[in-house]
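Below is one structure; the comments refer to it alone.
The values are calculated or read from the model by the stated rules, or taken from the named source; none is laboratory data. Quick caveat, the model's predicted, so the values are computed rather than measured. Neighbour counts are summed over all protein chains in view; Cβ atoms, including those assigned to glycine, are modelled from backbone coordinates with ideal geometry. For the accessible areas, the whole protein counts, side chains as well, though only heavy atoms, and no ligand, DNA or RNA atoms are used. Shrake-Rupley method; radii C 1.70, N 1.55, O 1.52, S 1.80 Å.
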Protein chains: 6
Amino acid sequence: MGGGTILVVEDETLILMEMEAALEEAGFAVSCFTSAEAALSAFDAAPETFKALITDIRLGPGKSGWDLAREIRPVNPAMPVIYISGDSAVHWPSEGVPNSVVIAKPFFMPQVTTALATLLNDQQPGENA
Amino acid sequence: MGGGTILVVEDETLILMEMEAALEEAGFAVSCFTSAEAALSAFDAAPETFKALITDIRLGPGKSGWDLAREIRPVNPAMPVIYISGDSAVHWPSEGVPNSVVIAKPFFMPQVTTALATLLNDQQPGENA
Amino acid sequence: MGGGTILVVEDETLILMEMEAALEEAGFAVSCFTSAEAALSAFDAAPETFKALITDIRLGPGKSGWDLAREIRPVNPAMPVIYISGDSAVHWPSEGVPNSVVIAKPFFMPQVTTALATLLNDQQPGENA
Amino acid sequence: MGGGTILVVEDETLILMEMEAALEEAGFAVSCFTSAEAALSAFDAAPETFKALITDIRLGPGKSGWDLAREIRPVNPAMPVIYISGDSAVHWPSEGVPNSVVIAKPFFMPQVTTALATLLNDQQPGENA
Amino acid sequence: MGGGTILVVEDETLILMEMEAALEEAGFAVSCFTSAEAALSAFDAAPETFKALITDIRLGPGKSGWDLAREIRPVNPAMPVIYISGDSAVHWPSEGVPNSVVIAKPFFMPQVTTALATLLNDQQPGENA
Amino acid sequence: MGGGTILVVEDETLILMEMEAALEEAGFAVSCFTSAEAALSAFDAAPETFKALITDIRLGPGKSGWDLAREIRPVNPAMPVIYISGDSAVHWPSEGVPNSVVIAKPFFMPQVTTALATLLNDQQPGENA
């Protein structure tokens with residue numbers, strides 16, 4: 001019954017596969033990438049396809065998860081953003097975007113699926129209108 | 001461990017079956033109907049059985065989902081209401097009831113189960129007292 | 001620093017004057033009416049002027065406060081609505097509109113000014129986007 | 001337009017007078033006491049008179065503000081509670097009651113009036129029903 | 001991807017096993033006990049292991065769920081607490097701790113998993129900072 | 001009863017004076033500046049003095065209100081931030097910091113005082129712990 005996909009960005013392949021499996025089992029469709037640059041290319045090609053962003057904060061040598069969210073929000077200001085954080089959660093109050101959530105590792109997967117569903121419901125057009 | 005059921009109303013049989021399956025897999029008990037009139041008959045016969053209402057807004061020639069919620073709430077003012085909407089979400093600010101949620105199609109099923117669980121928890125007697 | 005006014009509707013003149021005085025002292029500009037019909041005429045003439053609606057529920061022989069809110073919301077779906085209620089609060093779950101507040105008499109005036117400021121802030125375009 | 005009063009308990013007379021003045025200027029009616037025991041006597045004599053409790057946590061040799069709130073809530077489970085705290089806020093997660101607020105000294109008076117108005121609005125019967 | 005476990009306390013073994021199964025299927029790791037005393041022994045031995053508390057209120061002859069939460073919160077003030085209640089929800093406003101949830105029997109299991117995930121997300125260090 | 005002051009930054013002197021007067025009348029102590037640079041100098045000299053930031057977004061040739069909040073939050077991650085916006089509210093979803101509020105001109109002064117009091121109460125140590 002869904003439409004579009006969730007953009008998931010994580011540079012550690014094993015964790016990315018685990019998140020993909022858990023999100024799909026919960027009922028979400030996902031598109032997975034291992035760098036901010038690859039995610040941005042896919043997003044720019046079809047921005048209306050992506051319903052939410054789940055991103056690790058540290059993403060190797062290129063752009064960070066902070067950068068990624070700040071580049072996506074001008075195109076889709078209502079897009080839900082969930083940051084997954086190892087030790088970077090402490091920077092969220094100054095580096096995060098508004099109406100985002102940060103989930104610190106270690107975490108339980110239902111924290112991600114519940115945060116995602118809640119943020120998607122909060123940005124329903126009718127509810128915010 | 002549950003008691004009672006969730007009242008689910010949707011006039012498209014295939015979508016109704018998909019919602020029934022997803023809600024039951026999540027752990028809810030459901031009672032499904034394809035019209036507001038049939039749902040109201042069941043509700044009036046045993047109102048205390050039903051713990052929440054999930055309803056499509058457009059329900060064919062008879063009463064709408066807006067009507068249905070307005071007829072149920074006087075009997076159970078705290079009953080959670082979730083509207084499923086194709087293109088009617090824009091009317092929610094004037095046609096919806098308070099403390100309801102509207103979920104626009106297309107959506108992911110965890111949006112419905114999370115909204116349902118959250119609304120049920122919010123109306124716990126102890127929490128609101 | 002404000003712009004526009006708050007639409008206040010109450011059929012008891014003494015209470016209306018007291019609310020007008022308290023809202024203006026708090027820093028709001030208000031436009032006061034003693035019937036739903038008079039308020040609707042003013043609203044229809046310049047809907048963009050009015051930033052929020054505060055209305056008694058029982059308004060004499062004509063339209064009620066419930067009716068008034070349902071007629072205004074299609075024009076301005078985000079308009080904050082505060083119902084002032086004598087003994088009608090019990091009907092709010094079925095008669096009210098979403099994202100509204102009901103304040104039961106007797107009440108303290110800061111309840112109205114705080115609810116009004118909070119609802120106005122919640123509908124800021126940037127915050128919900 | 002109000003009815004009933006706010007129960008304010010503080011053992012330092014100068015602070016109590018300052019709170020009384022600020023709450024009354026904001027539009028609340030208040031009943032002030034310098035000990036939990038005196039406040040409980042007044043409350044037990046006419047519990048329906050009191051609409052909310054604002055209490056210092058440390059109240060001299062007798063009962064504390066924690067005790068006071070736990071004795072009042074069984075009689076009025078929905079009564080808003082605001083604790084004013086010097087250095088005791090750290091004990092709130094284990095000693096406070098649900099749906100209460102703790103405000104740490106030093107604070108600005110609008111924090112108290114806004115918290116009070118917000119809690120009173122949250123316990124409106126219609127809104128929680 | 002998780003770390004630590006959820007402390008689950010329930011004196012009826014069949015219900016405890018059902019909750020254990022449902023929580024593990026949702027993706028949580030759990031540690032189950034049939035009395036408050038046994039749960040406290042495990043908690044005191046390694047408090048940092050436990051991420052949240054789910055407890056029945058009536059727990060046989062010893063300490064109650066109310067007692068258990070009040071003893072754990074001073075050690076971990078941010079620990080999410082969910083009370084499962086038969087007929088004791090009415091005492092929550094005076095006996096519960098702040099930032100807790102009470103879920104009354106009968107309930108649907110997704111109410112517990114959603115409340116748990118939501119409370120865990122709310123106490124993320126970054127989010128509250 | 002307060003301690004410390006609210007940092008208010010606005011490059012239009014007349015508006016700054018009006019905000020200063022309204023905030024002080026409400027019961028807040030304020031420190032006013034006409035540029036981000038001047039505000040930062042004062043903040044860096046005594047960061048613990050400042051309890052919240054209210055800032056216009058456009059501040060002339062130097063740093064913007066967006067920049068100012070991002071430089072202050074690493075020092076005080078819990079500091080409430082209110083942006084006052086002419087036509088820049090649309091950039092808040094990508095340029096704002098988490099847990100901030102944007103208030104668009106024109107506005108009523110109680111919107112600012114209520115948002116400020118609410119944010120200050122939300123960051124009380126006890127409540128978030």
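Looking across segment E:86-124, the residues that are among the aliphatic types (A, V, I, L, M) and more than 7 Å from chain B (Cβ to nearest Cβ) come down to E:Val97, E:Val112, E:Leu116, E:Ala117, E:Leu119, E:Leu120. Inspection of segment B:87-97 finds no residue satisfying the criterion of being in contact with a helix residue (DSSP H, G or I) (Cβ under 9 Å, 6 or more places away or on another chain), over 27 Å from C:Met79 (Cα atoms) and open to solvent by 50 Å² or more (accessible area, probe 1.4 Å). Of all the criteria given as (1) within 14 Å of chain A (Cβ to nearest Cβ); (2) under 30 Å from E:Lys105 (Cα atoms), the one not satisfied by B:Glu71 is (1).
Does segment B:102-118 contain at least one residue that is touching a Pro at 6+ places or on another chain (Cβ under 7 Å) and open to solvent by 10 Å² or more (accessible area, probe 1.4 Å)? Within segment B:102-118, one or more residues are touching a Pro at 6+ places or on another chain (Cβ under 7 Å) and open to solvent by 10 Å² or more (accessible area, probe 1.4 Å). Could you tell me whether D:Pro61 is more than 15 Å from the chain's Cα centre (by Cα) and over 20 Å from D:Thr34 (Cβ atoms)? So D:Pro61 fails the test. If I filter segment A:54-109 down to residues being part of a strand (DSSP E or B) and of a type in the set (Ser, Thr, Tyr), which single residue comes out as modelled with the lowest pLDDT? Among residues in segment A:54-109 that are part of a strand (DSSP E or B) and of a type in the set (Ser, Thr, Tyr), the one modelled with the lowest pLDDT is A:Ser85. Of the residues making up segment C:56-86, those that are open to solvent by 60 Å² or more (accessible area, probe 1.4 Å) and without any contact (Cβ under 8 Å) to a residue 24 or more places away in the chain are C:Pro61, C:Pro74. Annotation: A:Phe50 fulfils all but one of (1) aromatic (Phe, Trp, Tyr); (2) surrounded by fewer than 24 Cβ atoms within 10 Å (Cβ to Cβ); (3) within 14 Å of chain E (Cβ to nearest Cβ); the unmet one is (3).
Of everything in segment C:27-41 that is touching a Phe, Trp or Tyr at 6+ places or on another chain (Cβ under 8 Å) and crowded, with 18+ Cβ neighbours inside 10 Å, the residue that is farthest from C:Phe108 (Cα to Cα) is C:Ala39. For segment F:1-11, a residue qualifies if it is in contact with a strand residue (DSSP E or B) (Cβ under 7 Å, 6 or more places away or on another chain) and open to solvent by 20 Å² or more (accessible area, probe 1.4 Å), and the qualifying residues are F:Gly4, F:Thr5, F:Asp11. Residues that are farther than 17 Å from C:Val97 by Cβ and out of contact with any helix residue (DSSP H, G or I) (no Cβ under 8 Å at 6 or more places or on another chain): does segment B:102-112 have at least one? Looking through segment B:102-112, at least one residue is farther than 17 Å from C:Val97 by Cβ and out of contact with any helix residue (DSSP H, G or I) (no Cβ under 8 Å at 6 or more places or on another chain). B:Val30 falls short on exactly one of the conditions (1) touching a residue at least 12 places away in the same chain (Cβ under 8 Å); (2) touching a helix residue (DSSP H, G or I) at 6+ places or on another chain (Cβ under 7 Å); (3) more than 14 Å from chain E (Cβ to nearest Cβ), and that condition is (3). For A:Glu20, are the conditions met, namely being within 14 Å of chain B (Cβ to nearest Cβ) and surrounded by fewer than 18 Cβ atoms within 10 Å (Cβ to Cβ)? No; evaluated as a whole, the condition is false for this residue.
Remark: A:Leu14 matches the filter, which requires a residue to be part of a helix (DSSP H, G or I), open to solvent by 40 Å² or more (accessible area, probe 1.4 Å), closer than 30 Å to B:Gly27 by Cβ and not acidic (Asp, Glu).
D:Glu37 passes every criterion in (1) closer than 26 Å to F:Leu119 by Cα; (2) part of a helix (DSSP H, G or I) apart from (1).
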